[in-house]
Amino acid sequence: MKSIIRFILLSILLIPLISIAQQQNRFTAEWEPECGTLTNLKQANVEDYIRVYPSPFSDVCVIKIITPKNQNISVNIYNSSGIKVKSLMNNEHIESPLSIVWSGSNDKGIICPDGIYFIKLSFSGRTFTQKVIKKKPGN
């Protein structure tokens, strides 16, 4: 009986708080209904969802997308002025994890100049941004 009451209290009190924090991209957590506990509660980091390597890069970089479950995602690349230079995915359904290779070109196929770029991942109303540096070979 005590475990049932504990389960109900945790469901009523904690789950809405965790959901609010997740919507604000602050925390991730997993609910274990068998034992009535929350596990793996941690602050959500950009690296939990998007990883870019190498950075800096000269020819190509790999963008690894990790979402909590299969999602419709958008992945866009912006220059340091905030202008979108490349759309890699536009609300496409993926199975996580997914790796995308970016050749450093824009949507017209023209190689982008050296500089700082921002890769923006959007899914389920959440947005994560990761910085990547493009440089000339040998620099």
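Data for the structure
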quantity: Candidate set from the stretch 105-139 (those that are among the β-branched types (Val, Ile, Thr) and within 24 Å of the chain's Cα centre (by Cα)); member that is farthest from Glu47 (Cα to Cα); calculated: Ile116
quantity: Failed item, numbered, when Met1 is tested on (1) over 28 Å from Gly138 (Cβ atoms); (2) at pLDDT 90 or above; (3) exposed (fewer than 11 other Cβ atoms within 10 Å of the Cβ); (4) of a type in the set (A, V, I, L, M, F, W, C); calculated: (2)
quantity: Members of the stretch 51-87 that are under 14 Å from the mean Cα position of the chain (by Cα) and either under 12 Å from Ser122 (Cα atoms) or free of Cβ contacts under 8 Å to residues at least 12 places away in the same chain (or both); calculated: Ile65, Ile66, Thr67, Gln71, Asn72, Ile73, Ser74, Val75, Asn76, Ile77
quantity: Any hit, the stretch 97-118, residues being assigned to a strand (DSSP E or B) and charged (D, E, K, R); calculated: no
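Matching residues to (1) surrounded by 12 or more Cβ atoms within 10 Å (Cβ to Cβ); (2) modelled with pLDDT of 95 or more; (3) over 27 Å from Gln71 (Cβ atoms):
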site: Met89; (1), (2), (3): yes, no, no
site: Pro97; (1), (2), (3): no, no, no
site: Phe118; (1), (2), (3): yes, yes, no
site: Gly125; (1), (2), (3): no, no, no
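The values are calculated or read from the model by the stated rules, or taken from the named source; none is laboratory data. Since the model is a prediction, treat every value here as computed from it, not as a measurement. Every residue, glycine as well, gets a Cβ built from its backbone with ideal geometry; the counts of neighbours run over all protein chains shown.
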